[in-house]
Amino acid sequence: MLSKSKFYLNYIIKVGIIIMALFGLNASSSKIETYSTNENINKSIDLSTMALYINKEEEQRANEEALQTYLYGSLDSYTGDLTGYGADCALCTGRLACTGVDVTDGTDTYTDDTYGEIKIVASSSNLPCGSIIRFESSRVSDEPVIAIVLDRGVLGNDIDLLTPSEDYALRYIGRSKITYDVLRFGWEK
């Protein structure tokens, strides 16, 4: 048998081990909590709304293309001579035949509700007043020219472009063959 002192020593060691085990167990089971928030945790994507948004974008693109086709699609094409004239020409009154507007101040453009600021041309009665045409001429512009028929005084399919002066018309426009597209026949109704 063990002596009393060895028994107590053994008992103290066992109790110490148990106490240490309890403290160690308690230390390892204590919670160290750190919080992080995820703001996306409760958000969802509504795919049907997203599909509607995409469909609306496609519809808008299709509408814009249709509008461009409507505004700039050719209704008819003609070939004729392009000449230039100024409001100060010898046989000119300085007033546009279709509107009566005085252009002796050098005005050579018109602001149309649909096409914006465009050039003014004279044509024969083959094209009604308010008709919109498009033509290309390097003498006038590097870009296609959009113009409105607001004057008369030419024959057939010829087009006479209004310029700031008769001198300008002679120097820079001259006479050349062009093919032009009619984008609108007459005024919008």
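The values are calculated or read from the model by the stated rules, or taken from the named source; none is laboratory data. Because the structure is a prediction, the values reported are computed rather than measured. Don't worry about glycine lacking a Cβ; one is built from the backbone with ideal geometry, like all the others, and counts go over all protein chains shown.
Scanning region 118-156 for residues that are at positive phi and either loosely packed, with under 14 Cβ neighbours inside 10 Å or among the basic types (Lys, Arg) (or both) yields one hit, 156.
Of all the numbered requirements in (1) more than 19 Å from residue 98 (Cβ to Cβ); (2) surrounded by 19 or more Cβ atoms within 10 Å (Cβ to Cβ), residue 174 misses one, and that requirement is (2). Could you go through region 116-134 and let me know if any residue there is in a loop (DSSP other than H, G, I, E, B) and over 17 Å from residue 185 (Cβ atoms). Scanning region 116-134 turns up no residue that is in a loop (DSSP other than H, G, I, E, B) and over 17 Å from residue 185 (Cβ atoms).
Test residue 105 against the stated conditions and say whether it is touching a residue at least 24 places away in the same chain (Cβ under 8 Å), within 14 Å of residue 162 (Cα to Cα), not in a strand (DSSP E or B) and not hydrophobic (A, V, I, L, M, F, W, C). If you could, list the steps in order and put the result at the bottom.
On the way: touching a residue at least 24 places away in the same chain (Cβ under 8 Å): no; within 14 Å of residue 162 (Cα to Cα): yes; not in a strand (DSSP E or B): yes; not hydrophobic (A, V, I, L, M, F, W, C): yes.
No: the conditions fail for residue 105.
Of the residues screened, residue 61 is one that is at pLDDT below 95, among the charged types (D, E, K, R) and not in a loop (DSSP other than H, G, I, E, B).
If we keep just the residues of region 96-117 that are among the charged types (D, E, K, R) and under 15 Å from residue 149 (Cβ atoms), which is surrounded by the fewest Cβ atoms within 10 Å (Cβ to Cβ)? Don't jump to the end; show me each part of the working.
Of all residues in region 96-117, those among the charged types (D, E, K, R) come to 102, 105, 108, 112-113, 117.
The next check asks that each one be under 15 Å from residue 149 (Cβ atoms); those that pass are 108, 112.
Details: 108: 19, 112: 17.
Per the criteria, the residue is 112.
Within region 74-90, the presence of at least one residue that is loosely packed, with under 10 Cβ neighbours inside 10 Å and either within 30 Å of residue 145 (Cα to Cα) or at pLDDT below 65 (or both) is confirmed. Can you name the residue in region 64-97 that is of a type in the set (Val, Ile, Thr) and not in a helix (DSSP H, G or I) and, of all such residues, is nearest to residue 156 (Cα to Cα)? By that ranking, first place goes to 79.
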